[in-house]
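As structure tokens, the structure follows; a few thoughts come after it.
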Amino acid sequence: MLHPAQTQKEQVLKLKIAKPSTSGTYMSVFDFCAGRCRHNSESVVHENAYVSEFHHCFSLPSNSSGSTVTPLEARLNGINVVIGRQGESCDSVCKLNGQSCVLNKLLILNQCDIIQKYMSCKGACLASVGADQPAEVADDAPKHLNPGACLYTQTQSMLSCDGSHRHTRRLCPCA
């Protein structure tokens, strides 16, 4: 989108702010990006509010099917959602990507409709109790652990970046 590395400074600084020839030019690449961001349909909602609480233009590309991003998903803008390896905590998953786990975003990921967008959830989506959620149970887990099922916790205080279980793969919010 409007990533500074993809914006050519020379072209931006010559670009007119408005159509009339009497209009000024942008003073910097930042001013250009800020101006474009305010008018980009993927970064604003209702023409006057940013999609994300982060107030920036780096949004996820819209779905070609025409479906829109839910307000809940919009709260994940700027978050790199990563599926961990079996037995890993979100702290270690994010650290491997040079990032940190964002604890308050686990609350958004801890819902079946969101989990199912990232994981296959073959065995269903089940309420569970554990610091390793949201997660998917590994296919080779013992039968009583519901292999292939996705898990979420109904006890929000259990949500943790450092939780792990040897039979689950975590869904992690990294930034």
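Contact map, the stretch 112-128: first residue farther than 16 Å from Q156 by Cα, second residue part of a loop (DSSP other than H, G, I, E, B) and among the small types (G, A, S), Cβ cut-off under 6 Å, separation 6 or more or different chains; pairs are K122/G148; G123/G148; G123/A149; A124/A149. I'm checking my understanding of the structure. Among residues of the stretch 159-175 that are among the hydrophobic types (A, V, I, L, M, F, W, C) and surrounded by 17 or more Cβ atoms within 10 Å (Cβ to Cβ), which one is nearest to N77 (Cα to Cα)? The selected residue is C174. Taking V102, is it closer than 11 Å to C172 by Cα and not acidic (D, E)? When the stated conditions are applied, V102 passes them. Among residues of the stretch 93-108 that are at pLDDT 95 or above, those with a Cβ under 7 angstrom from a residue that is polar (S, T, N, Q) and not in a helix (DSSP H, G or I), sequence gap 6+ or separate chain, pair up as C94/S100; Q99/N80.
Among the residues of the stretch 104-150, those identified as touching a Phe, Trp or Tyr at 6+ places or on another chain (Cβ under 7 Å) and hydrophobic (A, V, I, L, M, F, W, C) are C112, I115, C125, A127.
For the stretch 68-158, list the strands (runs of 3 or more DSSP E) that sit wholly inside it and hold at least 2 residues that are out of contact with any Gly (no Cβ under 9 Å at 6 or more places or on another chain) and open to solvent by 40 Å² or more (accessible area, probe 1.4 Å); which are they? Spell out how you get there, then give the answer.
Working: elements: 80-83, 125-128, 135-137, 150-153.
Answer list for the stretch 68-158: 80-83, 125-128.
The values are calculated or read from the model by the stated rules, or taken from the named source; none is laboratory data. Source: prediction; values computed, not measured. In this analysis, Cβ positions are derived from the backbone assuming ideal geometry, glycine residues included, and neighbour counts consider all displayed protein chains. Please note that ligands, DNA and RNA were not included when accessible areas were found on the heavy atoms of the full protein model with its side chains. Shrake-Rupley method; radii C 1.70, N 1.55, O 1.52, S 1.80 Å.
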